[in-house]
Amino acid sequence: MTNGELQAYESVKGIQRELKKLNEPNWEQRRYEIAKDCIASILGCNEINDASAIVKYVVGVADLLIQELKKEK
């Protein structure tokens, strides 16, 4: 393989990696959206007794849901 061919090959591989990243979900953004929706739902139904516990709960729910969604692939 010539030097030019090797450089072209590496460029193509780099483009493929970048395209793969674009097709993957942004799990941190999904985590935020799930937690935000959960907390809005909980706060609409309950009196706030322990905000810290509610936050830990909804983040845990978000993490579990993402874990399951990742298994679907």
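Structure values in brief
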read-out	value
Residues being in a helix (DSSP H, G or I), farther than 23 Å from K70 by Cβ, open to solvent by 80 Å² or more (accessible area, probe 1.4 Å) and not aromatic (F, W, Y) - total across the stretch 7-50	4
Those residues of the stretch 19-46 which are within 21 Å of the chain's Cα centre (by Cα) and modelled with pLDDT under 80, in sequence order	L19, K20, K21, L22, N23
Long-range neighbours under 9 Å by Cβ, at least six apart or interchain, first residue under 21 Å from V61 (Cα atoms) within the stretch 16-28, second among the β-branched types (V, I, T)	P25/I66; W27/I66
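The values are calculated or read from the model by the stated rules, or taken from the named source; none is laboratory data. Being a predicted model, the structure only gives us computed values, none of them experimental. All Cβ positions, even for glycine, are placed from backbone atoms using ideal geometry, and neighbour counts span all protein chains on display. Please note that ligands, DNA and RNA were not included when accessible areas were found on the heavy atoms of the full protein model with its side chains. Shrake-Rupley method; radii C 1.70, N 1.55, O 1.52, S 1.80 Å.
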